[in-house]
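What follows is a set of notes on a single structure, which appears directly below.
Derivation of every value follows stated rules applied to the coordinates shown; laboratory data play no part. On a predicted model such as this, the values are computed, not experimentally measured, just so you know. Glycine also receives a Cβ, built like all others from the backbone with ideal geometry; neighbour counts cover every protein chain displayed.
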Amino acid sequence: MGNSLLVYQRGEEGLLDMNQSSIADMKELRKRIDTVGELLRRQYADIQYVALGADRCDVVLGFIARQYQTWASVACSPLLWKASVAPFLLRGLVDSLITMSWILDNPESAVAFKEYSSGRSKLLAAHMRSVAAENPTSHQNLIDDAEFLEKLADSEVWNEASKVYLSNAGWTGKDIRAMADESGLKDLYDLRYGPLSADAHGDWLTMRRRFMVECTEPTHRPHWLPIFKREPGVYLEIAHQATDYLWMAVQISCEGLGLAYNQDVWDEQERLMHEALAWFDSSGRDAEATEDG
């Protein structure tokens with residue numbers, strides 16, 4: 001994320017104050033998001049599941065749908081453009097992008113990816129039943145959830161001996177860094193995934209920079225104080241980054257599956273999306289601008 005932090009006025013509900021012009025701009029932004037959704041539907045409408053492998057196609061399209069829906073929520077929700085929230089969302093987008101790219105390069109891994117999910121669901125169901133067994137009456141919700149997870153897992157795996165992988169490396173034999181390196185996405189890992197992970201996990205320097213202020217009491221030894229105030233601004237760059245990650249995912253998936261990809265069409269849609277987000281820039285010009293760190 002960049003250093004420029006635009007500060008907007010807020011109403012009593014903690015929402016961004018918007019005039020009628022801003023509301024019209026937001027509606028236009030949502031229309032463009034819907035247009036991208038329709039473009040994606042057409043992009044993958046004629047995918048050849050048998051020729052390309054049903055498991056591979058299932059997993060790739062699942063990632064694309066996840067990317068789209070996360071991006072759509074981020075793009076039209078300014079309150080998500082915050083340093084305290086965005087790393088969790090953006091990290092998920094980058095993680096999915098790297099994993100999808102690796103699976104495209106290793107098609108046979110799609111089955112293991114599904115087995116990984118089914119096995120973990122069954123393991124969680126077993127933990128739920130173990131806890132519920134101590135007092136079934138008061139833990140009926142856990143029993144219901146366990147049954148749901150078991151049925152969900154069984155719908156994918158047609159045998160009782162589901163594999164349970166206890167780490168991501170269990171189903172790939174790789175960690176996310178190795179997967180990124182092998183997929184040609186090392187720079188994305190180093191420059192985006194790494195810093196976003198530090199933010200998401202609560203790295204000390206991240207916490208100090210974002211959520212603390214240096215004590216100015218001269219009689220105290222150097223130390224930091226927590227900030228217990230609502231985060232004052234939003235980073236427009238977060239919405240632009242989410243847009244870039246979706247477009248990367250679409251291009252990588254089309255190339256990996258051998259689908260036609262109209263570069264001009266997608267470039268134009270990306271330009272329109274960044275343009276639609278520009279109204280937040282203009283709406284903040286008269287607001288107080290501060291420097292973040």
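Data overview
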read-out: Estimated translational D of the range 167-219 in µm²/s (Stokes, Kirkwood radius over Cα pairs; 37 °C; 0.692 mPa s); value: 245
read-out: Qualifying lysines (Cα of each under 24 Å from Cα of residue 174; at least 8 residues distant if same chain); value: 114, 122, 163, 186
read-out: Total charge dipole magnitude, the range 60-154, about the Cα centre, Cβ charges on Lys, Arg, Asp, Glu only, Debye to nearest 20; value: 340
read-out: Radius of gyration and Dmax over the Cα atoms of the range 176-252, both given in Å; value: 17.6, 58
read-out: Those GluC sites (Glu not before Pro) in the range 60-152 that DSSP places in a loop and that have at most 16 other beta carbons within 10 Å; value: 108, 134
